[in-house]
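Colleague: Mind looking over this structure? Questions follow.
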Amino acid sequence: MRTHEFGVTKVDKFNEIDALALDHNWLLGNCTREHVQANREWLGPNLVQPGTDKLILSFHSYVIRTPTTTILVDTCNGNDKPRPSMPTWDHMNTPYLQKLNELGLAVDDIDIVLCTHLHTDHVGWNTRLENGRWIPTFQRARYIMSKHEYTVFEAKFRDDPTINRGSFVDSVLPIVEAGRATLVDPGDGLGAELAEHLWLEDAAGHSPAGMNLWLRGGGRQACFCGDVIHHAIQCADPTLSSPVDFDSPIGIRTRRKLLETCADTDITLMTGHFPDPTAGHVVSHGDTFRFRFQD
């Protein structure tokens, strides 16, 4: 993805995993082979693996640079994390921080880490392993997390310490214990505190209290939508849902609302898992939608 400019604010993206092909019904439990075949042509080989029905995702973070604040949105999977239930993510060793450096940034340049939600693949680089302990990777940063979502997962953690594949233990609790977490909900009016022209919106469904981040600048708008939409095929059928959704009916309503808000406008959708070029626009297609990547 090229740098996107919204007035004086700049947005860049860097990948942890460039492309990962996943079985269509593993990613979206009610997605059938027929769904994939019906949409393969417009999705193209960037989104559907040629010769198979597998759907392709990337795992990436965004950096938002305003004149006063540098914000990192979602932190992927992280290195050294034990994830035996997902071998691709198990004890990863990627040059994630080097890629951040290539954008001209060091860990101490990050002012805010925003977690759109608290699932494993969005919080991993919150922490890094040092002398056998998980410590905050971005030691100067405030980590913005959903207050309600944290409360839900904290309660679940008491019964199941492996909640979220273990990421609550190694990527969320250490941030709270270090006093770096700021727990909020979209109604708290945090947008002005994040930076000028940035605000949060409730995006529950896939997770208990996910959040969209909206940006306005230079006469343009963008939405960083986390996992409200995992894959572009959900534009064609917003009812396609992840089997791990916290509340699928709410998730479908959240997804449809976002698609309707963005459709046929100049809103740039900064997607959470679409491979390069990642950002783009929603366009109407009959009574559903399509996604058009922005070069």
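Colleague: Filter region 161-180 for residues that are within 18 Å of the chain's Cα centre (by Cα) and free of Cβ contacts under 8 Å to residues at least 60 places away in the same chain; which is nearest to Thr137 (Cα to Cα)?
Modeller: Only one residue fits best here, namely Val172.
Colleague: From the list Glu102, Glu196, Glu149, pick out the single residue that is within 20 Å of Val63 (Cα to Cα), in contact with a Gly (Cβ under 9 Å, 6 or more places away or on another chain) and among the acidic types (Asp, Glu).
Modeller: Of Glu102, Glu196, Glu149, the one residue that is within 20 Å of Val63 (Cα to Cα), in contact with a Gly (Cβ under 9 Å, 6 or more places away or on another chain) and among the acidic types (Asp, Glu) is Glu196.
Colleague: Taking Gly179 and the conditions (1) at pLDDT 90 or above; (2) buried (at least 17 other Cβ atoms within 10 Å of the Cβ), which numbered condition does it fall short on, given that it satisfies the others?
Modeller: If we test Gly179 against (1) at pLDDT 90 or above; (2) buried (at least 17 other Cβ atoms within 10 Å of the Cβ), just (2) comes out false.
Colleague: Could you tell me whether any residue of region 141-156 is acidic (Asp, Glu), within 18 Å of the chain's Cα centre (by Cα) and crowded, with 16+ Cβ neighbours inside 10 Å?
Modeller: Scanning region 141-156 turns up at least one residue that is acidic (Asp, Glu), within 18 Å of the chain's Cα centre (by Cα) and crowded, with 16+ Cβ neighbours inside 10 Å.
Colleague: Quick one: would you say Asn15 is polar (S, T, N, Q), modelled with pLDDT of 95 or more and more than 17 Å from the chain's Cα centre (by Cα)?
Modeller: It is false that Asn15 is polar (S, T, N, Q), modelled with pLDDT of 95 or more and more than 17 Å from the chain's Cα centre (by Cα).
Colleague: Ok, one more. Run Asn46 past the list (1) over 17 Å from the mean Cα position of the chain (by Cα); (2) touching a residue at least 60 places away in the same chain (Cβ under 8 Å); (3) closer than 12 Å to Asp121 by Cα and report the number of the one that doesn't hold.
Modeller: Failed condition: (3).
Colleague: When you scan region 236-254, how many residues do you find that are under 19 Å from Leu47 (Cα atoms) and either within 15 Å of the chain's Cα centre (by Cα) or of a type outside the set (Ser, Thr, Tyr) (or both)?
Modeller: So the answer is 5.
Colleague: Also, I was wondering about something else. Looking at region 86-144, which of its residues are in a loop (DSSP other than H, G, I, E, B), among the charged types (D, E, K, R) and within 17 Å of Val73 (Cβ to Cβ)?
Modeller: Asp111, Arg140 - these are the residues of region 86-144 that are in a loop (DSSP other than H, G, I, E, B), among the charged types (D, E, K, R) and within 17 Å of Val73 (Cβ to Cβ).
Colleague: Tell me, please, whether a residue that is among the hydrophobic types (A, V, I, L, M, F, W, C), in contact with a helix residue (DSSP H, G or I) (Cβ under 7 Å, 6 or more places away or on another chain), surrounded by fewer than 20 Cβ atoms within 10 Å (Cβ to Cβ) and assigned to a loop (DSSP other than H, G, I, E, B) can be found in region 69-76.
Modeller: no
Colleague: Just checking, how many residues over region 241-266 are part of a loop (DSSP other than H, G, I, E, B) and in contact with a His (Cβ under 7 Å, 6 or more places away or on another chain)?
Modeller: So the count comes out to 3.
The values are calculated or read from the model by the stated rules, or taken from the named source; none is laboratory data. The model shown is predicted, which means the values in this text are computed figures rather than measured ones. Positions of Cβ are backbone-derived with ideal geometry, glycine not excepted, and every protein chain shown enters the neighbour counts.
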